[in-house]
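Scroll down for the structure; my scribbles are underneath it.
The values are calculated or read from the model by the stated rules, or taken from the named source; none is laboratory data. A quick note: this is a predicted structure, and the numbers were derived from the prediction, not measured. For neighbour counting, all protein chains shown are included, and Cβ atoms are generated from backbone atoms with ideal geometry for every residue, glycine included. These area figures cover heavy atoms from the full protein model, side chains too; ligands, DNA and RNA do not enter into them. Shrake-Rupley method; radii C 1.70, N 1.55, O 1.52, S 1.80 Å.
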Amino acid sequence: MELEKFSYDNKIVKYFTIASIVFGVVAMLAGLTAAIQLFYPAFNFDLQYTTFGRVRPLHTNAVIFAFVGNAMFAGVYYSMQRLLKTRMFNDMLSWIHFWGWQLIILAAAITLPMGFTTSKEYAELEWPIDIAITLIWVVFGINMIGTIIKRRERHMYVAIWFYIATFVTVAVLHIVNSMEIPVTFMKSYSWYAGVQDALVQWWYGHNAVAFFLTTPFLGIMYYYLPKAANRPVYSYRLSIIHFWSLIFIYIWAGPHHLLYTSLPDWAQSLGVVFSIMLIAPSWGGMLNGLLTLRGAWDRVREDPVLKFMVVAVTAYGMATFEGPMLSLKNVSAIAHYTDWIVAHVHVGGLGWNGFIIFGMFYWLVPKMWKTELFSKSLANTHFWLGTLGIIFYALPLYVAGITQASMWKQFDAEGFLVYKNFLETVVQILPMYMLRAVGGSLYLIGVLIMIYNLIKTAGIGSFVSDEEAEAPALEKKEITGGHWHSILERKPVIFTTLSLVAILIGGVIEMVPTFLIKSNVPTIASVKPYTPLEVHGRDIYIREGCNNCHSQMIRPFRSETERYGEYSKAGEFVYDHPFLWGSKRTGPDLAREGVGKLKKSDSWHFYHMLDPAQVSEGSIMPPYPWLFEQMIDKDLTAGKINALRTVGVPYPDGYEEVANGELEAQAKTITDNLAAEDVEISGDAEIIALIAYLQRLGKDITVKE
């Protein structure tokens, strides 16, 4: 049989690898900064661009999309060419994908510290960047599907299945969750409100973890682990069960992020059931990876690549056991809103994603530079520093999480809360936050050692930009016989379509009833739209990332209703675009901030934002002096009212023409209250709008005193 000569494109892999490493350091520095800010507030630097509320989403986006994203593309571009025995479909598309993705990352790095955010976790980027992500993702998809179609290898290996599922699912998730109505060039409101917005966001948020941080790296595991071990994958049949059950079940699990919230009970229960079912396919994949090493365990002692990969797959197993356990309602009642969840996420992020990326890079760079790794001992040092970093990161946060939950829920013999002041719990866990920063530092030092090692490796080698290869052309012949799945693997378009159908079922069944059946979100007649001043204040609250530390969702537990007031109802949030339920309580819940025993004076809020530590001794919240100097832009009021009306807020026709008059009247009431306590400030100052919003919270329903 005549062999066709062609070449593999290593240059695109090299560029994605470099981008991943560079942005990885940036992402980890942002994470370390955020970690230090939580026990040393001065590390916010008194700048509006570097507060925890703005650095935290910068860190998460940089890790997920810049560090992990670029590594994923490097791994996919290298393995796909070799598995399909062809060069990528189109070199120009590869480079459009590369530079487009880096520009998106640059846009995120600029806009997030500036406060341009939708506030939706892992989807904070504003609408112009969302459009750019969609376009670049389509470029990636065309290049990938085109490569599969022009392959010289009839059989589509398991890694390719996971790459296909990643492409179609991320496309669906991103488009559905990013439905928003623009107000200005860098401001939009979510198309969904309240309960529906929360469901869509956590359907997206959970499955961003599933299909951006998990499925592509399972594909990478299925390629690089057998390559590094020089062993075939343990079980082809297990990989089939692993793939189809994982992508079908994963998509249902999002509601487990919303247990005991105002989400309808049936949706919460579906999320729990499918989350528990997830253990089976997840551990099927883990076992398939670890059992691939049968007969090669002696090499794990010597080979740093295998060391990283074994710990990565083990961390995947741990995280995918812990996740379903956390989705049990009795466990979620303890863990949700605490640092336990942060620890869980980082076992997956640092252990699974980080270590499999490091193992892949240690294997890839010597291959592409045609040399040996410069120093195995340095790579082993990196491994142990990284492992210690994960332990020092996770264990203190598990302790912090249990401590928080225990203190929040503790009652004395008379039935009163023991720790009435939320700050008592914050002060108690500061040593854990310090240890977390130590763990993050160790992990980062390991990465810096890896960079040195890889640069030296490249220095002693010679990079092969276009790697020569040859393979017989794919024969055009009728498909007859064989395993049913092997027949399916020869039909990439049908395979892609079936993957799409598998991931659509769960989302449709959960979302459609929540949107269309009115009883899921019972209306409350007393709930009214926000006033124009409160709309501005809410947007400032979002800009400053207050929802990163404060929740607005009181669960129906005695400990929470005693501390915060009446539990939250679904109908309260019908005008919330976006929802702001939060996922972590570094500060107290604010859902009833404007009413009952929690209500504070306008001047308290004024001084609290000016210098939190003076008002609440021991507070780790940074001051916000710029809110007192910057003025709201009243020219934007009409556009905000129009946009909110478009997404369903029932402002009357023509209201935008009188909105600023109402805004000024409400602002005057607040400035008069402040003046009565000898505080003079302009009614247009941002702090006035923020006070108006905070004082509104919880006022729409009758609250038990």
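Where only protein heavy atoms count, and the probe is 1.4 Å, what is the accessible area per residue for region 357-475 in Å²? If you can, show how the numbers build up before the last one.
Working: 5370 Å² over 119 residues.
Here the per-residue accessible area is 45 Å².
In degrees, nearest 10, range 0 to 90: what is the angle between the Cα axis of helix 686-696 and the longest Cα principal axis of the chain?
80 degrees
Going by amide H atoms built from the backbone, whose H comes under 5 Å of the H on Phe411, apart from near neighbours?
For Phe411, the qualifying residues are Val418.
Cα axis of helix 194-212 to longest principal axis of the chain: angle in degrees, 0 to 90, nearest 10?
20 degrees
Provide Rg over Rh for region 58-154; use the alpha carbon set for both Rg and the Kirkwood Rh (inverse mean inverse pair distance). List each step's numbers first, then the result.
Working: Rg = 15.1 Å, Rh = 14.3 Å.
Rg/Rh for region 58-154 comes to 1.05.
Relative to the longest principal axis of the chain, what angle (0 to 90°, nearest 10) does the C-alpha long axis of helix 52-61 take?
20 degrees
Please list, in order along region 676-684, the HN-Hα scalar couplings obtained from phi with the Karplus expression 6.51 cos²θ - 1.76 cosθ + 1.60 (θ = phi - 60°), rounded to whole Hz, x for Gly and Pro.
Listing the rounded values in order: 5, 10, 6, 10, 10, 7, 5, x, 8 Hz.
Given labels modelled 7 Å from the Cα in the Cβ direction, how far is it in nm from Trp484 to Val679?
Computed distance between label sites Trp484 and Val679 equals 6.9 nm.
Taking only C-alpha pairs under 8 Å that are 6+ residues apart, what is the relative contact order of the chain in percent? Please report the intermediate quantities before stating the final value.
Working: 1164 pairs, mean separation 122.3, N = 705.
Once divided by the residue count of the chain, the mean separation gives 17 percent.
Please report how far the C-alpha centroid of region 217-237 lies from that of region 523-592, rounded to the nearest whole angstrom.
46 Å
Ordered by residue, what ³J(HN,Hα) values in Hz, to whole numbers, does region 331-346 give under the Karplus form 6.51 cos²θ - 1.76 cosθ + 1.60, where θ = phi - 60° and Gly and Pro are x?
Coupling constants for region 331-346: 7, 4, 4, 8, 7, 4, 6, 10, 6, 4, 5, 5, 4, 4, 4, 7 Hz.
Rounded to the nearest 0.05, what FRET efficiency do Lys597 and Ile517 give with R0 = 30 Å and r taken as the Cβ-Cβ distance? Could you check? Don't skip to the answer; put the middle values down first.
On the way: r = 36 Å, r/R0 = 1.20.
Computed FRET efficiency for Lys597 and Ile517: 0.25.
Rounded to the nearest whole Å², what accessible area per residue is found for region 56-99 with the 1.4 Å probe?
Working: 1180 Å² over 44 residues.
Ligands and nucleic acids excluded, the result is 27 Å² per residue.
Express the carbon and sulfur contribution to the solvent-accessible surface of the chain as a percent, rounded to the nearest whole number, probe 1.4 angstrom. Display every interim value, and only then the final one.
Details: 17560 of 26730 Å².
C and S atoms contribute 66 percent here.
Once amide H atoms are built 1.01 Å from N in the peptide plane, which residues 5 or more positions from Lys120, or in another chain, come under 5 Å H to H?
Residues meeting the amide H criterion: none.
Beyond 18 Å between alpha-carbons counts as too far, so tell me which of Lys370/Lys456; Lys518/Lys699; Lys120/Lys409; Lys14/Lys307 fall in that bin.
Details: Lys370/Lys456 13 Å; Lys518/Lys699 23 Å; Lys120/Lys409 28 Å; Lys14/Lys307 23 Å.
In this structure, Lys518/Lys699; Lys120/Lys409; Lys14/Lys307 lie more than 18 Å apart at Cα.
Find the Rg to Rh ratio for the chain, where Rh is the Kirkwood radius over alpha-carbon pairs and Rg uses the same atoms. Don't jump to the answer; show the numbers that get you there.
Values: Rg = 26.3 Å, Rh = 26.7 Å.
Value, to two decimals: 0.99.
What is the local net charge at Val172, summed over the other residues whose Cβ is closer than 15 Å to its Cβ (Lys, Arg +1; Asp, Glu -1)? Each step should come with its number before you reach the end.
Working: positive: none; negative: Asp130, Glu510.
After counting each charged neighbour, the total is -2.
Please list the radius of gyration and Dmax for region 553-647, considering alpha-carbon atoms only, with Å as the unit.
So, for region 553-647, Rg and Dmax equal 16.3, 45 Å respectively.
Amide H to amide H, which residues 5 or more places from Tyr189 or on other chains are under 5 Å from it, using H placed in the peptide plane?
Those qualifying (amide H under 5 Å, at least 5 residues apart or on another chain) are Ile181, Val183.
Taking every pair of distinct Cα atoms and averaging 1/r, then inverting, what Kirkwood hydrodynamic radius in Å comes out for region 453-584? Numbers along the way, then the final one.
Working: mean 1/r = 0.0452 Å⁻¹.
Every distinct Cα pair counted, the radius reaches 22.1 Å.
Return one whole number: the accessible area per residue of region 200-323 in Å², for a 1.4 Å probe.
On the way: 3900 Å² over 124 residues.
With the other protein chains kept in place, region 200-323 gives 31 Å² per residue.
Report the Cα centroid-to-centroid distance between region 75-107 and region 132-169 in angstrom, as an integer.
Each part's Cα centre sits 10 Å from the other's.
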